[in-house]
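The next block holds one structure in the form of structure tokens; read it before the comments.
The values are calculated or read from the model by the stated rules, or taken from the named source; none is laboratory data. A quick note: this is a predicted structure, and the numbers were derived from the prediction, not measured. Because the Cβ atoms are built from the backbone with ideal geometry, glycine has one as well, and the counts that use them run over all protein chains shown. These area figures cover heavy atoms from the full protein model, side chains too; ligands, DNA and RNA do not enter into them. Shrake-Rupley method; radii C 1.70, N 1.55, O 1.52, S 1.80 Å.
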Amino acid sequence: MDLHLLNIFRTVARLGSISQAAKELQYAQSNITMKIQQLEKSLQSPLFYRYNRGMTLTDKGSLLLAYSEKIFHLIEETEAAMKDDQTPGGSLIIGSMETTAAVRLPLFLSTYHQTFPKVDLTLKTGPTEQNIQGVLQHQIDGAFIAAPVEHPALIQKEVFEEEMVLITDTKHPDIASIKDIQTDTILVFRSGCAYREKLEHWLHQEGVIPVKVMELGTMEAIIGCVSAGLGLSMLPLSVVSKHIQEGSLKQHSIPHPYEKVKTVFIYRKDRYIPASLTAFINLFPEKVKT
């Protein structure tokens, strides 16, 4: 199979257009069309549905695209491995939950940056499920997510344990039971957030159906809206302790087994681990769980 043909196919699949692919690759449209037809003939299968305004992948085309991405990623990984002299450098992309990035990571990131200044370190925040998919799809090198996670392609390393609390405005009555919040608006991150899933599981187990669930995009928005009396939320104590001490939020304890959430660092088991990622992992000396 010709890598040149695969790259043309991958570009057309990404852009959904022969003309756009030709423009990006700086080829004539007729040349791109011929190459795609050549690939389809070689594989004895149509790869695209063709329309007046573009193209979409057939089932076989989608399968080939998935394999193509793996092939080109493996080539890039091979080149990186050959060039790696075990001195941390190059690009390193780390994913994290927003709460972990805000409270737990600044000191570690600062230490890493000062120790390994040749590494181009990037931090991307998002919910747990988004980070898991990012690692699995080779979009990020590793990520901090909420445990548990069970996937045969991932290694996980326990790094933090968070104490969870319910937070309300300071005028809210004490919460003696989860049923006390049935009439409250629940403020949460978007779907895929492990803390949201834990709270929803707790509510479900207790048979509590909140009157309203409101999604907010950032931690600051949730904290600000809770403080203003819009509703309540469940967050790590490490994130909100300052606000509680300052008197803008009120905390309420959570019963076992919902009061603790472990944060783990995940990375792919089947990939070459560059020196930059090894050095990052070694910042957290706890035992690796496979």
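Worth a mention:
- Flag if Thr11 is within 30 Å of Gly217 (Cβ to Cβ), open to solvent by less than 20 Å² (accessible area, probe 1.4 Å) and in a helix (DSSP H, G or I): no
- The residue pairs whose first member lies in region 72-88 and is more than 22 Å from Phe9 (Cα to Cα), whose second member is assigned to a helix (DSSP H, G or I) and open to solvent by 50 Å² or more (accessible area, probe 1.4 Å), and whose beta carbons are closer than 8 Å, counting only pairs six or more residues apart or on different chains, are Pro88/Thr278.
- Only residues that are outside any loop (DSSP other than H, G, I, E, B) and among the acidic types (Asp, Glu) were counted across region 71-90, and they come to 3.
- Beta carbons closer than 6 Å, at least 6 apart along the sequence or on distinct chains, pair a first residue in region 184-203 that is farther than 18 Å from Leu230 by Cβ and at pLDDT below 95 with a second that is open to solvent by 50 Å² or more (accessible area, probe 1.4 Å) and not β-branched (Val, Ile, Thr) for Gly192/Glu129; Gly192/Gln130.
- Tally of residues being among the polar types (S, T, N, Q) and closer than 24 Å to Val213 by Cβ across region 239-262: 3
- Filter result (assigned to a helix (DSSP H, G or I) and surrounded by 18 or more Cβ atoms within 10 Å (Cβ to Cβ)) within region 204-226: Met219, Ile222, Ile223, Cys225, Val226
- Going through (1) under 23 Å from His243 (Cα atoms); (2) in contact with a Phe, Trp or Tyr (Cβ under 6 Å, 6 or more places away or on another chain) one by one, Val159 falls short only on (1).
- Within region 217-238, the set of residues being under 23 Å from the mean Cα position of the chain (by Cα), hydrophobic (A, V, I, L, M, F, W, C), closer than 22 Å to His201 by Cβ and at pLDDT 95 or above comprises Ile222, Met234, Leu235, Leu237.
- Residues in region 243-258 include none that are farther than 25 Å from Gln182 by Cβ and crowded, with 17+ Cβ neighbours inside 10 Å.
- Of all residues in region 90-108, those satisfying the criterion of being open to solvent by 30 Å² or more (accessible area, probe 1.4 Å) and farther than 13 Å from Gly142 by Cβ are Gly90, Glu98, Ala102, Val103, Arg104, Pro106, Leu107.
- The residue list Asp174, Asp141, Asp120 contains one member that is of a type outside the set (Lys, Arg), touching a Gly at 6+ places or on another chain (Cβ under 8 Å) and on the phi < 0 side of the Ramachandran plot, which is Asp120.
- The one condition from (1) in contact with a strand residue (DSSP E or B) (Cβ under 8 Å, 6 or more places away or on another chain); (2) closer than 30 Å to Phe280 by Cβ; (3) open to solvent by less than 50 Å² (accessible area, probe 1.4 Å); (4) assigned to a helix (DSSP H, G or I) that Ser68 does not meet is (1).
- Test: Ser17 is open to solvent by 30 Å² or more (accessible area, probe 1.4 Å) and among the polar types (S, T, N, Q): no
- Among the residues of region 40-65, those that are out of contact with any strand residue (DSSP E or B) (no Cβ under 6 Å at 6 or more places or on another chain), without any contact (Cβ under 8 Å) to a residue 12 or more places away in the chain and in a strand (DSSP E or B) comprise Arg50, Tyr51.
- Answer residue from region 147-198, given it is part of a helix (DSSP H, G or I) and within 18 Å of the chain's Cα centre (by Cα) and is surrounded by the fewest Cβ atoms within 10 Å (Cβ to Cβ) among those: Glu197
- Test for Ile93: is it among the aliphatic types (A, V, I, L, M) and part of a helix (DSSP H, G or I): no
- Filter pass, Leu283 being open to solvent by less than 40 Å² (accessible area, probe 1.4 Å), closer than 21 Å to Asn131 by Cα, touching a residue at least 24 places away in the same chain (Cβ under 8 Å) and outside any strand (DSSP E or B): no
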